[in-house]
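The values are calculated or read from the model by the stated rules, or taken from the named source; none is laboratory data. Just so you know, these numbers come straight off a predicted model, no measurement behind them. Positions of Cβ are backbone-derived with ideal geometry, glycine not excepted, and every protein chain shown enters the neighbour counts. For accessibility, only protein heavy atoms count, side chains too; no ligands or nucleic acids. Shrake-Rupley method; radii C 1.70, N 1.55, O 1.52, S 1.80 Å.
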Amino acid sequence: MDGADHVDGESISRLLRAWRARVDARTVPELRGVLPRPGRRLSQAHVARLTGVSEGWYRALEAGRRQDFSENFLLRVARALRLSEAETLTLFLAVCGRRPPGGLSREPGGAGDLPHGVKVLLEQQVSYPAYLSDVAWNIVAANSLMGEWFPWVRRPGANLMRWALLDPEAREQMLDWEDACARTYLAMLRVAANSNPDNAELRTLVRDILDADADCRRIWSEEHDVVEHRDGDVFRLQLPFHGGREVRVTSHVLLPIQRPDLRFVFITPADGWTGPQ
């Protein structure tokens with residue numbers, strides 16, 4: 001930053017000072033009993049105490065000096081300063097150039113936590129299978145056609161990676177399983193694990209898959225590819241829904257702006273509509 005990172009003359013240093021100034025220290029439960037007793041003004045020392053760092057470390061952030069600020073530290077600053085989601089996003093983009101980690105800043109939510117528009121879009125998608133998954137590929141919600149194509153999504157705790165990489169039926173239904181499925185999904189897991197190193201659920205998911213399957217262990221050790229998503233990928237399926245006929249489909253991956261921790265995925269036929277016969 002070095003005092004040079006301004007947007008229309010606004011620096012993150014000035015924003016941090018303004019955000020800190022609006023917090024009444026007397027309303028912060030963690031500062032009760034602290035001597036000397038805090039007045040109304042929340043000081044840099046108070047924020048350092050609330051975030052578990054030295055005053056000099058927090059002062060460096062507020063002064064705009066470059067430091068190796070971790071995502072966990074920035075999330076603690078956001079909580080201490082009572083930042084909104086938009087303010088937290090601004091803090092992360094200004095300091096480290098990336099969005100807050102969805103898996104760390106938000107507790108996993110179910111379908112009932114979905115923004116109304118996202119839920120309606122999913123429910124009204126009747127032409128193609130569609131689903132929502134979280135950062136660890138847990139199925140948060142799915143439309144009725146997705147459940148007809150892939151009945152496993154209706155199971156409690158349904159997880160795309162566990163099904164695709166560990167369920168025997170996936171090797172029958174995802175044609176060219178190793179090249180078109182396993183290698184791609186493992187490459188996606190590699191990106192996610194490195195993007196969210198503190199996400200215990202992702203670490204457990206990777207460990208469970210590698211512990212459970214020799215083919216996945218072999219591919220993981222042989223390959224070094226990384227893939228962020230399957231948007232635009234064409235792959236072949238052979239599902240009971242289609243009477244066992246082979247179909248080619250394309251996956252489309254969208255990120256709901258109100259819930260960037262979720263993926264909105266829908267599947268379209270690559271060769272025109274092919275319903276059950």
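Sorted from largest to smallest, which semi-axis lengths in Å does the alpha carbon gyration tensor of region 10-80 give for its equivalent ellipsoid, taking the root of 5 times each eigenvalue? Kindly include the intermediate steps, with their values, before the conclusion.
Values: eigenvalues 83, 37, 21 Å².
Semi-axes from the Cα gyration tensor: 20, 14, 10 Å.
Where does region 143-277 land on Rg(C-alpha)/(2.2 N^0.38 Å)? Walk me through the numbers on the way to the answer.
On the way: Rg = 15.2 Å, N = 135, 2.2 N^0.38 = 14.2 Å.
Working it through for region 143-277, the quotient is 1.07.
Among 240, 129, 262, which residue has its Cα positioned farthest towards the positive end of the charge dipole of the chain, with +1 placed on the Cβ of Lys and Arg, -1 on the Cβ of Asp and Glu, and the dipole taken about the Cα centre?
Checked the options; the winner is 262.
Which value in nm describes the separation of the simple spin-label points at residue 34 and residue 222, placed 7 Å from the Cα toward the beta carbon?
About 5.6 nm separates the two model spin labels.
What does the net charge come to around residue 240 if you take all other residues with beta carbon closer than 11 Å to its beta carbon, with K and R at +1 and D and E at -1? Walk me through the intermediate numbers first.
Numbers: positive: 245; negative: 148, 169, 172.
Neighbourhood net charge equals -2.
Under the Karplus relation 6.51 cos²θ - 1.76 cosθ + 1.60, θ = phi - 60°, what is the ordered set of whole-Hz ³J(HN,Hα) values for region 252-268, x standing for Gly and Pro?
10, 10, 10, 10, x, 5, 7, 9, x, 7, 10, 10, 9, 10, 10, 10, 10
Once the Cβ-Cβ distance between residue 211 and residue 191 is put in as r, and R0 is 30 Å, what FRET efficiency do you end up with, to the nearest 0.05?
On the way: r = 20 Å, r/R0 = 0.68.
FRET efficiency, residue 211 to residue 191: 0.90.
Please list 3J(HN,Hα) in residue order for region 127-141, calculated via the Karplus relation 6.51 cos²θ - 1.76 cosθ + 1.60 where θ = phi - 60°; whole Hz, with x for glycine and proline.
8, 9, x, 8, 8, 10, 10, 9, 5, 9, 6, 6, 7, 7, 7
Determine the calculated [θ] at 222 nm for the chain from helices alone, applying -39500 (n - 2.57) to every DSSP H run no shorter than 4 residues and normalising by the residue count; nearest 500 deg cm²/dmol.
Numbers: 13 runs with 116 residues, N = 277.
Taking each H run of at least 4 residues, the total per residue is -12000 deg cm²/dmol.
Run the numbers for residue 11 and residue 229: contour at 0.36 nm per residue of separation, minus the present Cα-Cα distance, in nm. Write out the running numbers ahead of the final one.
Values: separation 218, 0.36 × 218 = 78.48 nm, distance 3.37 nm.
Between residue 11 and residue 229, full extension yields 75.1 nm more.
If r is the Cβ-Cβ distance from residue 72 to residue 242 and R0 is 41 Å, what FRET efficiency results, to the nearest 0.05?
On the way: r = 46 Å, r/R0 = 1.13.
The value I calculate is 0.30.
If you average 1/r over every pair of different alpha-carbon atoms in the chain and take one over that average, what Kirkwood value in Å do you get? Could the numbers behind the result be given before it?
Numbers: mean 1/r = 0.0464 Å⁻¹.
After inverting the pairwise mean of 1/r, the radius is 21.5 Å.
What does the charge dipole of the chain about its Cα centre add up to, to the nearest 20 debye, if the Cβ of each Lys and Arg holds +1 and the Cβ of each Asp and Glu holds -1?
Working: 36 positive and 38 negative charges, 348 e Å.
In total the dipole reaches around 1680 debye.
What FRET efficiency, computed as 1/(1 + (r/R0)^6) with R0 = 25 Å and r the Cβ-Cβ distance, is obtained for residue 270 and residue 201, rounded to the nearest 0.05? The partial results should precede the final answer.
Working: r = 32 Å, r/R0 = 1.29.
With R0 = 25 Å, the Cβ-Cβ based efficiency is 0.20.
In what sequence, largest accessible area first, do 127, 221, 43, 13 appear using a 1.4 Å probe? Working shown, then result.
Working: 127 60, 221 80, 43 35, 13 15 Å².
Solvent-accessible surface, decreasing: 221, 127, 43, 13.
Rounded to whole Å, give me the distance from the Cα center of region 127-155 to that of region 213-277.
If you average the Cα positions of each part, the centres end up 12 Å apart.
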